[in-house]
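To keep things clear, I will list the structure first and then write my remarks on it.
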Amino acid sequence: MSHHIVEAIELCHRYGDGTQALTEVTFRIHHGESVALVGANGAGKSTLLQHFNGVLLPTSGAVRIGEVPLVKETLRDIRRTVGMVFQDPDDQLFSPTIGQDVAFGPLNLGLPPADVEARVRAALDRMEALSLKDKPAYRLSAGEKRRAAIATVLSMTPDILVLDEPTSGLDPRARRQLIGLLRAFHHTKIIATHDLDMVLDLCPRTLVLHEGRVKADGATREIFADEALLAACHLEKPLTMQGCLMCGEKRGI
Amino acid sequence: MSHHIVEAIELCHRYGDGTQALTEVTFRIHHGESVALVGANGAGKSTLLQHFNGVLLPTSGAVRIGEVPLVKETLRDIRRTVGMVFQDPDDQLFSPTIGQDVAFGPLNLGLPPADVEARVRAALDRMEALSLKDKPAYRLSAGEKRRAAIATVLSMTPDILVLDEPTSGLDPRARRQLIGLLRAFHHTKIIATHDLDMVLDLCPRTLVLHEGRVKADGATREIFADEALLAACHLEKPLTMQGCLMCGEKRGI
Amino acid sequence: MDQADDCGPNVGGLCMHMADALLSPAVGGIMWAASAAAVARSSRKIQQELDGNRIPLMGMLAAFVFTAQMINFSIPGTGSSGHLGGGLLLAILLGPDAALLATASVLVIQALFFADGGLLALGCNIFNLGFLPAFVAYPLVFRPLATGKAGQLPRALAVLLGAVVGLQLGAFGVVVETVLSGRTALTFRAFLLAMQPIHLAIGLVEGVVTLSLLAFLQKARLELPRPTEQADTAGRATVALGLLTLLLGGWVAWYASKHPDGLEWAIQRVTGQSELQGTASGWHGRLARVQATTAVLPDYQFKGSQEGSRAVTSLSGVMGGAMTLVLVAGAGWILHLRKRRA
Amino acid sequence: MVNLGDRFRDLGRMDALGSQESTLHRLDPRAKVLVTAAFALVVSSFGRYEVSGLLPFALFPVSLAILGEVPWGYLLKRIGLALPFMLVLGALNPVLDREVLLHVGPLAITGGWLSSFSMVLKLVLTVASAVVLVATTGVDGVCQALERLGLPQVFVVQIGFLHRYTFVLAEEAVRMLRARELRSNGHGLTHREFGPLAGHLLLRTWDRAQRIHQAMLARGFDGNFHMLRRSSFGPRDLLFLFAWCAIFLLLRIVNFPMLMGSLVSGGG
Ligand SMILES: Nc1ncnc2c1ncn2[C@@H]1O[C@H](COP(=O)(O)OP(=O)(O)OP(=O)(O)O)[C@@H](O)[C@H]1O
Ligand SMILES: Nc1ncnc2c1ncn2[C@@H]1O[C@H](COP(=O)(O)OP(=O)(O)OP(=O)(O)O)[C@@H](O)[C@H]1O
Ligand SMILES: [Mg+2]
Ligand SMILES: [Mg+2]
């Protein structure tokens, strides 16, 4: 099962307009690991994630998924392995109804209608979004959209789950549920987020990006204990680790 | 200065497709208060906010801003009183540069150029965004966009500021900055959010919506101490209150 | 709530869409065939190059044009409102083949969703609003003129002129198709004189708006994906054919309008039926004669045999029409009841 | 702005209607598309002054609307939206064509009135039939039919993309215009503002097109929109197609209203 390894080797990415979004990013994520990707707005998190299933291709350097280099020829297989939840749920919901959206992936896999139907129900059920099945996306609240977007990816039963800010816009219970759900997902997970408390809950390992470079890569607890590092990267301690207002303790920063 | 009162009286809203988003919502927000609106995804927060400046009109019941009922005839004045910051800053930035965007409102009020200029500078300055003045919106980071969006509303010198999820998508430092800026704004504020820690920082009073009804309305501290209520409304204690060693609280779930 | 929205129906959409109700099957059919051929050709070319990103981009730009068309803005000094047509914009951003497909898809969706124009008129609309801007105005007017860099005067003029020519051609297409179909009482000359000047104004607005959009994009993004450059040489035959059709059609229409009898004659030829069904031969004539001899309501003033037969037909027509509607409603009611019980 | 939003909600409503279940919905889309096309062809073949012969054709949209459970209010609203255009054009005819063709009692009816009435009638019929088609088939269904009837696949996929993106984009446009309206103090959109506003929309469109396409690729999109319901052309569809075509032909050849009218007025 060396299958679910994700590796970046001296990965650089420069956008068409000249923005150098990633510079020599190198790391290796092993099977079953759960890794957080944190950093300031514009640090390059989304850009990096989009390399994992070939949404973007490296300007230089390489990405390998399960020892297979990600190039045009391997793209199709890799896309079936890596499930990607985008930052903006609207990008993932483009069909007339949520049900059709969740069915989109399985249908493209060529599954028979009954299987597709079963997968759709299972995925929606898992996100507690079964009631949204026949609604169009533009009639949903922000959090409802988020759940639907995750369901569209779950219905593909991916081996590696890549999530971009999965908790943004979710209410506290939905967030907690999602965290539980992700914890129960035992494959490799890579999560880009500003929700450092979720990182604390879910990801033993954290990668800190700053201006397109890997600034730190290590155990989450150690990284979150390093206040200088955090401040340099526009971060702060997870809220649960900060002082409590109720008992009059002073908070960080 | 009874001016800045916001009142909803048995407010109901039903969307075109039959979704009953708000049911008999009644409350009164006084001048200078800072009130948080919290609740689950789909509870009706955004729907409620959109009634405060007539983006939506009540199906039944009434909204009063500063003792003036919100009806078609008063819409224009009320929109000058109530400044609304949408969840997605991109929606609010549509001019060639940020400076022009911020000037848009004052210009439409028919102010002389010098006043407009002064207002633009003041609003941008207040959001620490003066350096963005000549930049186009599509070149900004998420946090910068957010501040620019708020500045476009501040330049109208609204008496009441209404914000929908202002901290979503911001990195921890940008979030902290924004909280500081909002705290310095002494008018009436209504903030819909899932960021309960921000609520703790900014809003002495909280309104809890649940399935379109007001489930609780009172002091933030009391509401956040009522675990049964929070759980019923898909909420949980703010994260800073969860992990606090002083209070000896266990973290949720 | 918004002023621009209160300006009523906007001029552009009003004049430019052909409608089923104005078309004869012959004209509609010919234009369908022409447009289908053009769409098929462009599809083949797009399929061949099949650059993965292009089709969704086409779709998104089509959606953009579709949406932008509904955003009305006020035109200074006129009190009316305008909107973006988008034909030239798409051609500049995507190249003619992709632009044709994108515009055609917008028109299909409009025909299906809003019943704008209708299904038969789709051929005319794709030709007038899609083909003419993309394959005539763009390669023959815009491209040769657009020599300078973006933001410079020659290019701005090219955009303006391209938009104006595109709309003039489109309007001309509408005039020709309408007159050839013979469903309105408008003569070719009158219709032409009404349409072309209005569309000069609309074309200018279109040009100005397209220009400001392009200028904005230019500032925002230094590189826009270049449309493929080969299209105009390969498309020359099609362009020539299209122009020829149009000119020929225009000439026929012009000729016909000077000789109204000729028009009647042409329409009878084309549609294979007589224009006025009330003549003394055929079903109606026979019925009319039967009726004239046995009428229960005899006290009508007949002005002449032909007019008289029409008068009789008309009375029967009114009564029969009313009965038909009652019958249709009755049939509907029965269906409704059966459906409820089922 | 509210208008724009409403218009798109309407689109959504159409889609919702298209995914209902009824005998009519279950027919093969091709049969419905072909019949509707035949209908448009036959209706448009009526001459300029023809009115009575067109009336029986109302049978088609009326019965399909009932069988397909298309709400009347919705249908009428759609027709009402399309009407002004034809009314303006039709209003010219009585002015231009003053030759008296008919007398009904004391009323002298000119060709202009006849032709404009005929135009409006045709409009109502064709618009109603198109609305009923989409409301009983759905845009995806119509696209599927078009593809299987031989329309180039690239073009059909293009329509599919447009259909999907439209909703996404319209939401964005509506929100943007709303934000603008809130600060406009009642001033309408001017052509000068339109450029940058539409430009922003276009830029966002561009990025979004990229992202949505990526999201599609990430879920195995291979250039085709697959459907859960893919029907085959059965005997029922054939019957539907031929029965309606036969009816159209009959109504085209025999002017029933005239026949009935003359039987009543002249049959005694
Ligand atoms: N399509 C693009 N074209 C040009 N530059 C881009 C593009 N997308 C992102 N960038 C730039 O690349 C850098 C990295 O952006 P990215 O979206 O990866 O940041 P991020 O870490 O995900 O930020 P956030 O937390 O706000 O989502 C930023 O400077 C951004 O402005
Ligand atoms: N345009 C619309 N048409 C129909 N229903 C809608 C529309 N917008 C929202 N709704 C529904 O109304 C309810 C309230 O939505 P609203 O957006 O107010 O929730 P919210 O509290 O803001 O949620 P979130 O925290 O996820 O943003 C939800 O059930 C939602 O699905
Ligand atoms: Mg990001
Ligand atoms: Mg909301």
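Rule-based calculations on the coordinates, nothing more; no lab input. Not measured: the values here are computed from a predicted model. Note: ideal-geometry Cβ built from the backbone for every residue, glycine included; neighbour counts use all protein chains shown.
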By the scheme Lys and Arg +1, Asp and Glu -1, what is the net charge of all other residues having a beta-carbon under 14 Å from that of A:L11?
+1
Given the DSSP H assignment, sum -39500 (n - 2.57) over each helix run of at least 4 residues in chain D and divide by its residue total; what's the result at 222 nm in deg cm²/dmol, nearest 500?
-25000 deg cm²/dmol
Exposure-ranked with fewest Cβ neighbours within 10 Å first, A:R205, D:R30 stand as A:R205, D:R30
homo-copy label distances at B:R139 (7 angstrom along Cα-Cβ), nm, one dp, ascending, are 4.3
Is the C-alpha gyration tensor of the stretch B:6-241 telling us rounded, prolate or oblate? Criteria: a/c under 1.5 is rounded; beyond that, a/b larger than b/c is prolate, otherwise oblate.
oblate
Whole-Hz ³J(HN,Hα) for each residue in the stretch D:208-223, computed from phi via Karplus 6.51 cos²θ - 1.76 cosθ + 1.60 with θ = phi - 60°, x for glycine and proline: what do you get?
5, 4, 4, 5, 5, 4, 4, 4, 5, 4, 4, 9, x, 4, 10, x
May I ask you to list the residues of the stretch A:61-85 whose amide nitrogen lies under 16 Å from a point 7 Å from Cα along the Cα→beta-carbon direction of A:T26?
A:61-64
Ellipticity estimate at 222 nm from DSSP helix runs (n ≥ 4, -39,500 (n - 2.57)) divided over chain A, nearest 500
-9000 deg cm²/dmol
Amide H to amide H under 5 Å from A:S34: which residues, 5+ apart in sequence or cross-chain, H placed 1.01 Å off N in plane?
A:K189, A:R205
Averaged over residues of D:146-155, the number of beta carbons from other chains lying within 10 Å of each residue's Cβ is 5
Per-residue ³J(HN,Hα) for the stretch D:68-81, Karplus 6.51 cos²θ - 1.76 cosθ + 1.60, θ = phi - 60°, Hz, x for Gly and Pro:
x, 6, 7, x, 4, x, 5, 4, 5, 4, 4, 5, x, 5
Over the whole of D:32-44, what's the average partner chain Cβ count within 10 Å per residue? Rounded to a whole number, please.
4
Between helix B:113-126 and chain B, what is the angle of the helix's C-alpha long axis to the longest principal axis, kept within 0 to 90° and rounded to the nearest 10?
40
Compare the peptides D:85-98, B:169-182, C:97-110, A:187-200 by average per-residue count of other Cβ atoms within 10 angstrom and give them in order, highest first.
C:97-110, A:187-200, B:169-182, D:85-98
Expressed as a whole number, the average count of other chain Cβ atoms within 10 Å around the Cβ atoms of A:44-50 is 1
For C:D116, distant residues with modelled amide H under 5 Å away:
C:A111
Teacher prompt: B:G180 distances to equivalent labels in other copies, 7 Å Cα→Cβ, nm:
3.8
Filter the GluC sites (Glu not before Pro) in the stretch D:30-129 down to the DSSP loop ones having no more than 12 other Cβ atoms within 10 Å, then list what survives.
D:E99
Under the classification rounded if a/c is under 1.5, otherwise prolate if a/b is larger than b/c and oblate if not, where does chain D fall, given a ≥ b ≥ c as square roots of the Cα gyration tensor eigenvalues?
oblate
Can you tell me which of A:D17, A:D88, A:D159 moves the most in a GNM of chain A? Springs connect C-alpha atoms under 10 Å apart.
A:D17
Cβ-based net charge around A:V55, under 15 Å, with every Lys or Arg adding one and every Asp or Glu removing one:
+4
Hey, fewest Cβ within 10 Å first, where do C:F73, B:F52 land in order?
B:F52, C:F73
Which of the GluC sites (Glu not before Pro) found in the stretch B:96-192 are loop residues per DSSP with 13 or fewer other Cβ atoms within 10 Å of their Cβ?
none
Using a label position 7 Å from Cα in the Cα→Cβ direction, what is the ascending list of nm distances from B:R121 to the same site in the other copies?
6.7
Local electrostatic count, A:Q20, Cβ distance below 12 Å [Lys/Arg +1, Asp/Glu -1]:
-1
Shape call for the stretch A:20-148, from the Cα gyration tensor axes a ≥ b ≥ c (a/c under 1.5 means rounded, otherwise prolate when a/b beats b/c, else oblate), comes out prolate
